[in-house]
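S.K.: Structure incoming, see below.
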C-alpha cells in the first residue's frame, strides 16, 4: 500500500521529469521500489513471493532515478531562453530479479 503512495511516480502514458512513460502502468522512483521489494521479502510468504516475482521478474517493471540537469526554466516570448536552472530529470533503470527464499513451514 505504501508503494502506491510513492511521491515520485510517472503515471502510465504521462510525461514527467523530462521523459514519457509509454507503459500501461505507473513507474516509481527506485527508492520506492527498493522499499517495496524489502517489504515483500520481509513478509516471506507465498503471496508476497508471487507478487515479487510477477512485478520484478515477469513484468520487468523498471524504476527511475532523478539526476539534476541544467535546463531552460523560463522562456522569452520569441522562444529564446531567458533563465536557466537546475531541474530533476528521470533516468530509467532496469531492476534486478526478485530473489526470494522459500517460506518457513
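S.K.: Spot the failing condition for residue 3; the list is (1) in a helix (DSSP H, G or I); (2) more than 11 Å from the chain's Cα centre (by Cα), and only one is missed.
M.R.: (2)
S.K.: Taking residue 49 as the residue in question, decide whether it is touching a residue at least 40 places away in the same chain (Cβ under 8 Å), touching a strand residue (DSSP E or B) at 6+ places or on another chain (Cβ under 6 Å), surrounded by 11 or more Cβ atoms within 10 Å (Cβ to Cβ) and outside any loop (DSSP other than H, G, I, E, B).
M.R.: In short, no.
S.K.: Would a scan of the stretch 64-72 turn up a residue that is surrounded by 13 or more Cβ atoms within 10 Å (Cβ to Cβ), within 29 Å of residue 100 (Cα to Cα), out of contact with any strand residue (DSSP E or B) (no Cβ under 8 Å at 6 or more places or on another chain) and in contact (Cβ under 8 Å) with a residue 24 or more places away in the chain?
M.R.: no
S.K.: Among the residues of the stretch 1-39, which ones are touching a helix residue (DSSP H, G or I) at 6+ places or on another chain (Cβ under 8 Å), crowded, with 16+ Cβ neighbours inside 10 Å and without any contact (Cβ under 8 Å) to a residue 60 or more places away in the chain?
M.R.: Within the stretch 1-39, 3, 6, 8, 9, 28, 32, 36 meet the criteria.
The numbers here are math on the coordinates, done by the rules we state, and not lab data. Quick caveat: nothing in here was measured; it's all calculated off a predicted structure. Glycine gets a Cβ as well: all are built from the backbone with ideal geometry, and neighbour counts include every protein chain shown.
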